[in-house]
Amino acid sequence: MSDREFDLIVISDCVLDIYYRIEKLPIGVGDIAISNIIATSPGGACTTAIVARKLGLNVAVIDRIGDDAFSDILVRHLNDNGIYTGFMRRVHGTVTISNNLISNNGHAFLGYLGVGKDLTIDEIDEEVIKRSRAIYIGGFYASFSKGIINTFTEIIKVAHEYSTPVFLDAGPAIGNSELVIDLIKQSNTVFMNEEEMRRLFNDTTNLVKFARDNNINAVVKLGDRGAVLVHNGNVTHCEPYNVNNVITTIGAGDAFNAAYMAGLLHGLDPSSSCDLGNRVASIRIQYLTPIELPNLRELITQ
């Protein structure tokens, strides 16, 4: 049994998601779109935090968020789901929100690039990293802020000092690509979807060579085609769990990340953890929000 206080520390990209379901996308100028539902839930990297907690991990979040009513709801959701929020800094006069528009032909996001991008290493207690079994960095802001990349780099340095494994989600990779690749080099495991992989490495062959040369593991999430795992330079295809009653695919990748890390922290090997990631992602897409998911601990303990 580990003597560390937290199983997983989730860092950056925590927002409040508001879900709307409309008839169709896109919405054009002058259109009136009426949602037949509205729901709130932690989103971004805090989807990963929620699912990791449902898989039995002791989870804390480090981030900057607003002091608005949306952030109040976000913190309440996290607390209600057993996630420690004492390391989250509230910043006056800002908001933390993402609007998720869901229709039968896909989904879209309308968000606000909030104060999370300004997180600094000075706001993170080194002892917290020392007392954690693993660090997960949500890399969304890395595409938009060079400052946050510097913060992530410093976090990773501290984590390596205490032999704390670092898991990085590469984020959308639509900016600062070379810096994001440098960040990936410093991590132990990187998550990305297929589109992000192509933006950063062009194809799987280049990614596999990069992973081998830098002694890292990589997971490329392929949606309903499963995932590709690069571990110790070997490539494995992790078969998908396909379902018929898909409500939304929002957060499926975040749920996969949570399950993969939970699998490793519960003693599974990377291939089995990749399989668990696909299984949990298939469960996530059958619910509107991640907080609606059932307790998932039995998926690991059975």
Selection count, segment 18-51, where residues are closer than 30 Å to residue 261 by Cβ and small (Gly, Ala, Ser): 6
Is there any pair with a first residue in segment 46-60 that is basic (Lys, Arg) and a second that is open to solvent by 10 Å² or more (accessible area, probe 1.4 Å) whose Cβ atoms are under 8 Å apart and which are 6 or more apart or on different chains, and what are they? 53/81; 53/82; 54/81; 54/294; 54/295; 54/297
Which of the residues spanning segment 101-138 are open to solvent by 10 Å² or more (accessible area, probe 1.4 Å) and either touching a His at 6+ places or on another chain (Cβ under 7 Å) or of a type in the set (Gly, Ala, Ser) (or both)? 101, 103, 106, 108, 111
When the residues of segment 159-193 are filtered to those that are open to solvent by 50 Å² or more (accessible area, probe 1.4 Å) and of a type in the set (D, E, K, R), which remaining residue is farthest from residue 44 (Cα to Cα)? 161
Is there any pair linking a residue in segment 268-284 that is within 17 Å of residue 218 (Cβ to Cβ) to one that is surrounded by fewer than 19 Cβ atoms within 10 Å (Cβ to Cβ) and of a type outside the set (Val, Ile, Thr), with Cβ under 6 Å and at least six apart or on different chains, and which? 270/231; 278/240; 278/241
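For segment 102-188, give me every one of the helices (runs of 4 or more DSSP H) that falls completely inside it and has 2 or more residues that are over 21 Å from residue 9 (Cα atoms) and at pLDDT 95 or above. Lay out the reasoning, then the answer.
Details: elements: 126-130, 146-161, 177-186.
Here the list reads 177-186.
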Criterion first (acidic (Asp, Glu) and either touching a residue at least 12 places away in the same chain (Cβ under 8 Å) or in contact with a Gly (Cβ under 9 Å, 6 or more places away or on another chain) (or both)) does residue 203 satisfy it? no
Set 65, 37: member being touching a residue at least 60 places away in the same chain (Cβ under 8 Å) and either open to solvent by 20 Å² or more (accessible area, probe 1.4 Å) or under 23 Å from residue 144 (Cα atoms) (or both): 37
Please indicate, with yes or no, whether at least one residue in segment 201-212 is under 23 Å from residue 157 (Cα atoms), assigned to a helix (DSSP H, G or I) and open to solvent by 50 Å² or more (accessible area, probe 1.4 Å). yes
Among strands (runs of 3 or more DSSP E) entirely within segment 1-92, at least 2 residues that are β-branched (Val, Ile, Thr) and within 30 Å of residue 273 (Cβ to Cβ) occur in 8-11, 59-66
Quick one: residue 141 ticks every box in (1) crowded, with 21+ Cβ neighbours inside 10 Å; (2) over 16 Å from the mean Cα position of the chain (by Cα); (3) among the aromatic types (Phe, Trp, Tyr) bar one, so which box is it? (2)
With the first residue restricted to segment 219-231 and required to be more than 16 Å from residue 241 (Cα to Cα), and the second required to be of a type in the set (Gly, Ala, Ser) and part of a strand (DSSP E or B), Cβ contacts under 6 Å at 6 or more apart or on different chains are 219/227; 230/218
Conditions first: (1) farther than 19 Å from residue 18 by Cβ; (2) within 18 Å of the chain's Cα centre (by Cα). Residue 77 passes all but one, so which condition is the exception? (1)
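Do you know which of the residues in segment 1-32 that are of a type in the set (Gly, Ala, Ser) and in contact (Cβ under 8 Å) with a residue 12 or more places away in the chain is surrounded by the most Cβ atoms within 10 Å (Cβ to Cβ)? Working first, answer last.
We begin by selecting, within segment 1-32, every residue of a type in the set (Gly, Ala, Ser); these are 2, 12, 28, 30.
Among the residues that remain, those that are also in contact (Cβ under 8 Å) with a residue 12 or more places away in the chain are: 2, 12.
Working: 2: 11, 12: 26.
It comes out as 12.
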Complete set of residues in segment 36-54 that are of a type outside the set (Lys, Arg) and closer than 12 Å to residue 81 by Cβ: 41, 42, 46, 47, 49, 50, 51, 52
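The values are calculated or read from the model by the stated rules, or taken from the named source; none is laboratory data. Being a predicted model, the structure only gives us computed values, none of them experimental. Here the Cβ is made from the backbone with ideal geometry for all residues, glycine too, and neighbour counts use every protein chain on show. For accessibility, only protein heavy atoms count, side chains too; no ligands or nucleic acids. Shrake-Rupley method; radii C 1.70, N 1.55, O 1.52, S 1.80 Å.
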